Amino acid sequence: MASVLIIEDDGTFAQIIEGFLTKNNFEVTTVNNVAKALKLIAQEEFQLLLIDYRLPDGTGIDVLNYRRETGLTVPTIIMTSFNDVRTAVKSIQLGASDYITKPINPDELLMVIDNALQKKTPSKTTGNNNFIRGKSNVANKLYQHIDLVAETDMSVIIQGESGTGKEFAARTLHNQSKRKGKPFIAIDCGALSKDLAASELFGHIKGAFTGAVNDKKGSFEAANGGTIFLDEIGNLSYEVQVKLLRALQERVVQPLGSNKQIAVDVRVITATNDDLANSMKNGEFREDLYHRLNEFKIQLPPLRERGVDLELFIDLFVKISNEELNRNVKEIDKETRSLLLKYEWPGNLRELKNVIKRMVLLTAGTIATADSLPDEMKIAVTNVVPLDNPSDLKAVNENNEKTLITEALIKVKHNKSKAAKLLNIDRKTLYAKMERYGID
């Protein structure tokens with residue numbers, strides 16, 4: 001019986017989820033704010049955290065930051081409104097296993113929880129090869145660059161928005177290289193605490209620090225002869241950056257607490273959704289390390305710029321979801337496909353996969369219809385609120401508010417101070433609403 005901590009300030013909603021999960025053999029504890037959650041996480045051990053994004057004394061990000069700083073690896077799922085998808089995507093960068101949008105479908109919740117509980121630690125050596133390259137011009141250019149650099153030993157930075165497939169690109173580089181028969185190890189630097197990052201990368205000996213009860217081989221040593229992929233490299237602390245630079249320059253690693261140096265032959269591929277150049281200017285990322293890593297840069301295009309590839313990915317994810325959920329969706333009707341093609345997909349491939357999986361899950365027959373898509377997604381595309389939507393008033397208000405803010409920004413040529421004055425709100429409120437509605 002897996003123990004679940006629900007962090008949700010809507011008492012009725014929390015009670016409904018608690019009852020549903022209890023019936024499905026989960027041991028459930030519920031709290032209604034960040035402070036209570038952090039206190040409980042420090043005292044008890046949970047197998048899963050289910051966190052509402054917006055809480056009275058903070059957000060789900062605060063819990064994720066605490067989880068990361070304390071070195072916890074407990075799977076975490078963020079619950080959010082559809083309007084907060086961009087922020088939910090950011091939570092993935094901080095180590096969340098997944099996110100789910102409200103209103104929550106019970107079958108979908110069980111599916112997401114099951115997936116999260118089955119996920120492994122930040123160090124991964126397996127991957128999903130059931131993928132496609134795409135046929136758009138930007139995809140062709142991308143794979144020309146991959147083909148060009150794959151056979152070399154050059155260090156590569158893969159840059160792109162969250163959810164664009166950076167690990168898949170790194171794995172492709174490895175599989176097309178002369179190291180393909182050797183290990184490929186992926187590390188999510190965003191999920192590593194500052195204290196444990198050096199141990200994860202370089203290893204430690206017994207007694208090196210409190211809790212080090214055995215010797216541990218680091219990921220660099222485990223990847224010897226192969227490739228190590230460091231996702232969200234910008235999250236590494238300055239101290240770990242120093243150790244990483246030394247490992248790259250001298251091709252040796254030194255486990256924590258040891259005087260012994262271990263020779264390693266590893267190709268390093270890194271990824272980031274941030275502009276590391278700005279991080280260097282702010283003193284958050286070492287310039288010498290950046291240049292050592294940036295022997296070649298690959299820019300992954302967002303899904304909204306991939307043209308014909310979107311349909312290919314839709315069909316692929318339908319096929320995968322049919323197999324995983326034992327469904328038989330053979331067709332997507334014209335209206336539904338049109339909505340999928342017009343939506344901007346701020347969460348890119350990850351969001352597309354989640355929406356398609358939900359669509360397949362909610363489709364009983366062979367033809368998927370628009371009823372299986374989130375109402376908020378339909379509103380985002382059509383600006384029309386469905387009459388049978390149970391949260392009509394809220395959806396209308398949010399849609400109108402987003403429109404008003406966008407029009408005000410355009411009217412004042414994106415001067416936020418003038419826009420805030422025009423809307424009769426302060427700048428802080430304007431920034432919060434722009435983030436909420438995904439207004440750039």
task = Consider only pairs whose beta carbons are under 6 Å apart and that are at least six residues apart or on different chains; among these, list those whose first residue lies in the range 253-267 and is without any contact (Cβ under 8 Å) to a residue 24 or more places away in the chain and whose second residue is β-branched (Val, Ile, Thr) and surrounded by fewer than 18 Cβ atoms within 10 Å (Cβ to Cβ).
result = Gln261/Val252; Ala263/Val252
task = List the helices (runs of 4 or more DSSP H) that sit entirely inside the range 1-96 and contain at least 3 residues that are crowded, with 22+ Cβ neighbours inside 10 Å.
result = 60-69, 85-93
query = Checking Lys182 against (1) outside any loop (DSSP other than H, G, I, E, B); (2) modelled with pLDDT of 90 or more, which test does it fail?
reply = (1)
request  = Return the total of residues in the range 323-365 being over 15 Å from Leu310 (Cβ atoms), of a type in the set (A, V, I, L, M) and in contact with a Lys or Arg (Cβ under 8 Å, 6 or more places away or on another chain).
outcome  = 3
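Yes/no per residue for (1) of a type in the set (D, E, K, R); (2) within 18 Å of Arg292 (Cβ to Cβ):
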{"site": "Lys217", "(1), (2)": "yes, no"}
{"site": "Ala222", "(1), (2)": "no, no"}
{"site": "Gly226", "(1), (2)": "no, no"}
{"site": "Leu230", "(1), (2)": "no, yes"}
{"site": "Ile233", "(1), (2)": "no, yes"}
{"site": "Leu244", "(1), (2)": "no, yes"}
{"site": "Glu250", "(1), (2)": "yes, yes"}
{"site": "Asn259", "(1), (2)": "no, no"}
key: Long-range neighbours under 7 Å by Cβ, at least six apart or interchain, first residue more than 14 Å from His145 (Cα to Cα) within the range 165-188, second open to solvent by 10 Å² or more (accessible area, probe 1.4 Å) and in a helix (DSSP H, G or I)   = Gly165/Leu349; Pro183/Ala222; Phe184/Arg171; Ile185/Ala222; Ala186/Glu167; Ile187/Glu200
ask   = Can you find even one residue in the range 243-251 that is out of contact with any Asp or Glu (no Cβ under 7 Å at 6 or more places or on another chain) and closer than 16 Å to Lys194 by Cβ?
value = yes
query = Among (1) closer than 30 Å to Asp147 by Cα; (2) in contact with a Leu (Cβ under 8 Å, 6 or more places away or on another chain); (3) surrounded by 15 or more Cβ atoms within 10 Å (Cβ to Cβ), which single condition is Met359 missing?
reply = (1)
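Mind checking which helices (runs of 4 or more DSSP H) fall wholly inside the range 198-311 and carry at least 1 residues that are at pLDDT 90 or above, hydrophobic (A, V, I, L, M, F, W, C) and surrounded by fewer than 21 Cβ atoms within 10 Å (Cβ to Cβ)?
Details: elements: 219-222, 238-250, 276-281, 287-293.
Once the helices (runs of 4 or more DSSP H) in the range 198-311 are filtered for at least 1 residues that are at pLDDT 90 or above, hydrophobic (A, V, I, L, M, F, W, C) and surrounded by fewer than 21 Cβ atoms within 10 Å (Cβ to Cβ), what remains is 219-222, 238-250.
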query = Yes or no: Asn389 over 21 Å from Thr172 (Cα atoms), at pLDDT below 90, over 23 Å from the mean Cα position of the chain (by Cα) and open to solvent by less than 30 Å² (accessible area, probe 1.4 Å)?
reply = yes
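The values are calculated or read from the model by the stated rules, or taken from the named source; none is laboratory data. Just so it is clear, the model here is predicted, and its values are computed rather than measured. With ideal geometry, Cβ positions are generated from the backbone for all residues, glycine too; neighbour counts draw on all protein chains shown. Heads up: the accessible areas ignore ligands, DNA and RNA and are worked out on the full protein's heavy atoms, side chains in. Shrake-Rupley method; radii C 1.70, N 1.55, O 1.52, S 1.80 Å.
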